[in-house]
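Peer 1: What follows is a single structure, and I will ask about it in a moment.
The values are calculated or read from the model by the stated rules, or taken from the named source; none is laboratory data. For clarity, every value in this text was computed on a predicted model and none was experimentally measured. Note that we place each Cβ from the backbone using ideal geometry, even for glycine, and neighbour counts take in every protein chain shown. In case anyone asks, the SASA skips ligands and DNA or RNA and just uses the protein heavy atoms, side chains included. Shrake-Rupley method; radii C 1.70, N 1.55, O 1.52, S 1.80 Å.
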Amino acid sequence: MGDDDGSFPAPVYRRTVLAPLFEDARRHFAGPLMRVNYAHAVMLAERGIVARADIAAIVAALRAIEADVDGEAEAAAYTGEVEDFFFDIERRLTARLGPDVAGRLHTGRSRNDIDHTIFKMRLKERLAGLLDGLTGLVGTLIDVARANRATIVVAYTHGQPAQPTTFGHYLGALVEVLLRDLDRLALAGRALDKCSMGAAAITTTGFDIDRARVADLLGFAEVQENAYGCIAACDYITGLYAAMKVLFINLGRFVQDLGQWTGFETGHLRVPYGYVQVSSIMPQKRNPVPVEHLRLICSTAAGHCDTIVDTMHNTPFTDMNDSEGEVQAGGYAAFEAGERALALLRGLIAAVRVDEARVRRHIDESCITITELADSLVRAEDIPFRQAHAVAAGLARRIIDRGERLDTVPFAAFAAIFAAAIGRPPAIGEDDFHRFVSPEHFIAVRERPGGPGPAALTASLDGYAAALDDHAAALAAFTGRAADAARRLDTLVDDLIGNPGV
């Protein structure tokens, strides 16, 4: 036999569902719920739906209840007296004012529109924190890229050395990706910025409420129009977490490069001691463990995003618990992990330094500037690219087979390969040959838009900085609207309490 005596709630239901949800609501949604209560109350008074004196008593009581809730220990046990945190606030309000006055607050609304509104409010706060961390990281990346516009590194394709570029150019590629992540997150934020209040349970209400006024008082940009969609659509959740997952995937791919570049065999990035851990047994070890933690944190954050998006899969297009308190609170771990990753990567990328001597040696050993030798031969010798490519390929084979280096290979070796392929000696001299195979020349001539040449890269970085400024301004407006609304709402509540009969 079970422990169910027929009364609500059944003990197992209280323990496994209601108590955890109550604690999540108290921890995450108490503040937003109280703000919704205040905004709805102000609107009811302004529209004359509820007498101003009653609303004054309600908001004064809510202020006292809010102070009580804030002062209570979070670990206080859920008693089961009421179904959830919303009803607990209503119970407290009724105890203070009686049912005739307290019951008027819920005029023209439902837990349905309240829930989705407070979920959006909390997600807006979480998103603002993530965007702040991401804009900070992008700003640091741009600064490091500017400082390393001429710092030569090896670019890889398929895990093999491919061409030289600069560290600034390489970081610029990540900056572009993260600016697109900012675009995706900002678009997700637009869905969060649509207020659900006034939808009531499904179809709005017959009371003459002002939905736009409540939205404004809660800091939303606008009202979400369709009332059914306000309580049924969960794309504000899936869109946000999908955009976040893309961000964490993008960061994780960059972290994979850091793992290779900081490894002993490559060693192109030097990690300072502040980011190095030692072995308990091997004295020589310098373990850049933060790189591993970054990979782990990004993967964990992406996994949390998957959990939320997958939870929405094949759910009905209606109000349902699958999109509500439990999944909302569960998703916050993605924000917490993501903010840690952004802060750690920002600190690390500002601290690492390129080992230019090692990079130079690997460039010479791998012949990766030889692409420009082929291009330069086309221009200097007036031969087709395929012939120039054949000459360069023959020279590369010789260097690799003999263990030579491109910077020291005899000019005579090049001249012989050129003559055999073209049928005449080269017109260029030894100085031109060595200039053509230098990484400095390789980079300097690549001044096309998006290239690593000095002018092209400077233009790119300036453009990235301007785009970042736009995102920072949008973020300030996004957070400022909510802060301004909170101040205005507090003033209106104070005025109601101080002038209850006016």
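Peer 1: Answer yes or no: is there a residue in the stretch 9-31 that is surrounded by fewer than 20 Cβ atoms within 10 Å (Cβ to Cβ), at pLDDT below 95, in contact with an Asp or Glu (Cβ under 9 Å, 6 or more places away or on another chain) and not in a helix (DSSP H, G or I).
Peer 2: Yes, because at least one residue in the stretch 9-31 is surrounded by fewer than 20 Cβ atoms within 10 Å (Cβ to Cβ), at pLDDT below 95, in contact with an Asp or Glu (Cβ under 9 Å, 6 or more places away or on another chain) and not in a helix (DSSP H, G or I).
Peer 1: So for the stretch 290-313 (the condition being charged (D, E, K, R), buried (at least 21 other Cβ atoms within 10 Å of the Cβ), touching a residue at least 60 places away in the same chain (Cβ under 8 Å) and more than 19 Å from A350 (Cα to Cα)), does at least one residue qualify? First the steps, then the outcome.
Peer 2: Of all residues in the stretch 290-313, those charged (D, E, K, R) come to 292, 295, 306, 310.
Right, trim to buried (at least 21 other Cβ atoms within 10 Å of the Cβ) and you get none.
No, the stretch 290-313 contains no residue that is charged (D, E, K, R), buried (at least 21 other Cβ atoms within 10 Å of the Cβ), touching a residue at least 60 places away in the same chain (Cβ under 8 Å) and more than 19 Å from A350 (Cα to Cα).
Peer 1: Please state which one of Q328, Q284 is open to solvent by 50 Å² or more (accessible area, probe 1.4 Å) and more than 22 Å from A343 (Cα to Cα).
Peer 2: Values: Q328 fails: open to solvent by 50 Å² or more (accessible area, probe 1.4 Å).
Answer to the check: Q284.
Peer 1: Hey, among A95, A77, which residue is of a type in the set (G, A, S), assigned to a loop (DSSP other than H, G, I, E, B) and open to solvent by 20 Å² or more (accessible area, probe 1.4 Å)?
Peer 2: Numbers: A95 fails: assigned to a loop (DSSP other than H, G, I, E, B).
When all the criteria are applied, what remains is A77.
Peer 1: Would you please list the contacts, defined by Cβ atoms under 7 Å and residues six or more apart or on different chains, that run from a residue in the stretch 347-371 that is open to solvent by 40 Å² or more (accessible area, probe 1.4 Å) to a residue that is β-branched (V, I, T)?
Peer 2: A350/T140; A350/V144; E356/T151; E356/I152
Peer 1: With the condition kept exactly as written, say whether any residue in the stretch 290-303 is charged (D, E, K, R) and assigned to a helix (DSSP H, G or I).
Peer 2: If we filter the stretch 290-303 for residues that are charged (D, E, K, R), which is where we start, we get 292, 295.
Then keep just the ones that are assigned to a helix (DSSP H, G or I); that gives 292, 295.
Yes, that holds for at least one residue.
The rows are residues; the columns are (1) free of Cβ contacts under 8 Å to residues at least 12 places away in the same chain; (2) part of a helix (DSSP H, G or I); (3) over 30 Å from A215 (Cα atoms).
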{"site": "G394", "(1), (2), (3)": "no, yes, yes"}
{"site": "A415", "(1), (2), (3)": "yes, yes, yes"}
{"site": "F433", "(1), (2), (3)": "no, yes, yes"}
{"site": "E447", "(1), (2), (3)": "yes, no, yes"}
{"site": "A459", "(1), (2), (3)": "yes, yes, yes"}
{"site": "A465", "(1), (2), (3)": "no, yes, yes"}
{"site": "A474", "(1), (2), (3)": "no, yes, no"}
{"site": "R481", "(1), (2), (3)": "no, yes, no"}
{"site": "G501", "(1), (2), (3)": "no, no, no"}
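Peer 1: Okay, moving on. Would you point out which residue out of I428, I443, I497 is touching a residue at least 40 places away in the same chain (Cβ under 8 Å), in a loop (DSSP other than H, G, I, E, B) and either hydrophobic (A, V, I, L, M, F, W, C) or open to solvent by 30 Å² or more (accessible area, probe 1.4 Å) (or both)?
Peer 2: Details: I443 fails: in a loop (DSSP other than H, G, I, E, B); I497 fails: in a loop (DSSP other than H, G, I, E, B).
It is I428.
Peer 1: Could you grab me the full set of residues in the stretch 42-74 that are open to solvent by 10 Å² or more (accessible area, probe 1.4 Å), farther than 21 Å from G98 by Cβ and part of a helix (DSSP H, G or I)?
Peer 2: E46, D70, G71
Peer 1: May I pose another question? Do you know which of the residues in the stretch 104-123 that are of a type in the set (A, V, I, L, M) and within 27 Å of Y13 (Cβ to Cβ) is surrounded by the most Cβ atoms within 10 Å (Cβ to Cβ)? Show your work before the answer.
Peer 2: Step one: list which residues in the stretch 104-123 are of a type in the set (A, V, I, L, M), which gives 105, 114, 118, 121, 123.
Filter once more, so that each one left must be within 27 Å of Y13 (Cβ to Cβ): 114, 118.
Working: I114: 22, I118: 26.
The extreme case among them is I118.
Peer 1: Next question. Given the criterion part of a helix (DSSP H, G or I), open to solvent by 20 Å² or more (accessible area, probe 1.4 Å), touching a residue at least 24 places away in the same chain (Cβ under 8 Å) and of a type in the set (A, V, I, L, M, F, W, C), identify the matching residue among V101, V138.
Peer 2: V101
Peer 1: Do you know which of the residues in the stretch 220-238 that are under 17 Å from the mean Cα position of the chain (by Cα) and open to solvent by less than 30 Å² (accessible area, probe 1.4 Å) is nearest to A199 (Cα to Cα)? Show your work before the answer.
Peer 2: Quick first cut of the stretch 220-238, residues under 17 Å from the mean Cα position of the chain (by Cα) only: 236-238.
Retained after the next criterion (residues that are open to solvent by less than 30 Å² (accessible area, probe 1.4 Å)): 236-237.
Numbers: Y236: 16, I237: 18 Å.
For the stretch 220-238, the residue satisfying everything is Y236.
Peer 1: In addition: For A39, state whether it is touching a Pro at 6+ places or on another chain (Cβ under 6 Å), crowded, with 20+ Cβ neighbours inside 10 Å and at pLDDT 95 or above.
Peer 2: On the way: touching a Pro at 6+ places or on another chain (Cβ under 6 Å): no; crowded, with 20+ Cβ neighbours inside 10 Å: yes; at pLDDT 95 or above: yes.
No.
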